[in-house]
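Here's the structure we're looking at; comments come further down.
The values are calculated or read from the model by the stated rules, or taken from the named source; none is laboratory data. Every value quoted in this text rests on a predicted model; they were computed, and no experiment measured them. Virtual Cβ from ideal backbone geometry, glycine too; neighbours counted across all protein chains shown.
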Amino acid sequence: MARTIIRECEIVISTQIINEMCVNLIKKMGFSEIEIQKLIVSLHRKYSVFELSQDILLKASQIRDVHSFSFWDSIIAASALDCDANCLISEDMQSGFLLEDRLKIVNPFA
């Protein structure tokens, strides 16, 4: 399913996703700063990158308050809602959850 999503869907990545990827690749995989820099450039070239704003952070706070999402997951969800996504791909959020009757969370590995 993950490969199908990459091939067939318009991918929009929140800066929060890039942050989390970089942290995990540095900590768990020992990526060098050069490798991280190349990844960042590559992601910005290949995909639309959604920048965080005050409105996104305030929406994330509302999502945390209502749904008890984690701080980081709420930022990702708020970003997805703001860019009018209808599907949020996540392996660690509740697959099948529908946020605000328009954003479905999907685990691509399920």
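General remarks:
- One residue alone among F71, F50, F97, F109 is among the aromatic types (F, W, Y) and farther than 21 Å from I11 by Cα, and that residue is F71.
- Condition met for E10 (charged (D, E, K, R), over 21 Å from Q94 (Cβ atoms), in contact (Cβ under 8 Å) with a residue 24 or more places away in the chain and not in a strand (DSSP E or B)): yes
- Condition broken by E20, with the remaining ones in (1) in contact (Cβ under 8 Å) with a residue 40 or more places away in the chain; (2) within 15 Å of L103 (Cα to Cα) satisfied: (2)
- H44 being over 24 Å from R7 (Cα atoms) and not aliphatic (A, V, I, L, M): no
- Test for E8: is it at pLDDT below 95, under 18 Å from L81 (Cβ atoms) and exposed (fewer than 11 other Cβ atoms within 10 Å of the Cβ): no
- Residue ID - nearest to I75 (Cα to Cα), chosen from residues in segment 14-61 that are exposed (fewer than 10 other Cβ atoms within 10 Å of the Cβ) and either aliphatic (A, V, I, L, M) or under 12 Å from the mean Cα position of the chain (by Cα) (or both): E51
- Evaluation of D101 against the conditions (1) at positive phi; (2) touching a residue at least 12 places away in the same chain (Cβ under 8 Å) shows that the sole unmet condition is (2).
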